[in-house]
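Below is one structure, written out as structure tokens; the observations come after it.
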Amino acid sequence: MERPEIALTAVFMRGREGYVGFIEELPNVNCHAHSLDEARSSLRSMVAVVFEEERRTSSELTAGRDLVRESFTVPISAAAESKGA
């Protein structure tokens, strides 16, 4: 089964000792790394762990229950779209 993908916004700030990165859409997902590539890799790994943990928790909470599971989309505001330009 193919895994769905989601687009998130990573922000990286250069500091004296490397880079700090965070995901705009996910609170408390941030990192510090010596290089930009390390920061990207670290954030990618952290986001994967967060989503896997949330799926595990959801599976435990919904086990044996009658569910409706569906995909949905969320429109991005014009303000959010123009920030990257």
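All but one of (1) in a helix (DSSP H, G or I); (2) open to solvent by less than 100 Å² (accessible area, probe 1.4 Å); (3) at pLDDT below 95 hold for Glu81, so report the exception by its number.
(2)
Might you let me know whether segment 35-48 holds any residue that is of a type in the set (Ser, Thr, Tyr), modelled with pLDDT under 95 and either open to solvent by 100 Å² or more (accessible area, probe 1.4 Å) or assigned to a loop (DSSP other than H, G, I, E, B) (or both)? Give the derivation first.
Applying the first criterion (of a type in the set (Ser, Thr, Tyr)) to segment 35-48 yields 35, 41-42, 45.
Filter once more, so that each one left must be modelled with pLDDT under 95: none.
Checked against the condition, which is being of a type in the set (Ser, Thr, Tyr), modelled with pLDDT under 95 and either open to solvent by 100 Å² or more (accessible area, probe 1.4 Å) or assigned to a loop (DSSP other than H, G, I, E, B) (or both), segment 35-48 yields no hits at all.
Output the residues belonging to segment 57-70 that are exposed (fewer than 10 other Cβ atoms within 10 Å of the Cβ) and either assigned to a helix (DSSP H, G or I) or not β-branched (Val, Ile, Thr) (or both).
Matches in segment 57-70: Ser59, Glu60, Leu61, Ala63, Gly64, Arg65, Asp66, Leu67, Arg69, Glu70.
What number goes with the only condition from (1) modelled with pLDDT under 95; (2) in a strand (DSSP E or B) that Tyr19 does not pass?
Evaluating Tyr19 over (1) modelled with pLDDT under 95; (2) in a strand (DSSP E or B) leaves (1) as the failure.
Any idea which residue in segment 10-61 is nearest to Ile76 (Cα to Cα), counting only those that are β-branched (Val, Ile, Thr) and in contact with a helix residue (DSSP H, G or I) (Cβ under 8 Å, 6 or more places away or on another chain)? Spell out the reasoning first.
Step one: list which residues in segment 10-61 are β-branched (Val, Ile, Thr), which gives 11, 20, 23, 29, 47, 49-50, 57.
Those left that are additionally in contact with a helix residue (DSSP H, G or I) (Cβ under 8 Å, 6 or more places away or on another chain): 20, 23, 29.
Values: Val20: 25, Ile23: 15, Val29: 20 Å.
Among those that are β-branched (Val, Ile, Thr) and in contact with a helix residue (DSSP H, G or I) (Cβ under 8 Å, 6 or more places away or on another chain), it is Ile23.
Identify all residues within segment 8-35 that are under 12 Å from the mean Cα position of the chain (by Cα) and hydroxyl-bearing (Ser, Thr, Tyr); write none if there are none.
Thr9
The values are calculated or read from the model by the stated rules, or taken from the named source; none is laboratory data. These numbers come from a predicted model, not from an experiment. Glycine also receives a Cβ, built like all others from the backbone with ideal geometry; neighbour counts cover every protein chain displayed. What goes into the accessible areas is simple: the full protein's heavy atoms, side chains included, and nothing from ligands, DNA or RNA. Shrake-Rupley method; radii C 1.70, N 1.55, O 1.52, S 1.80 Å.
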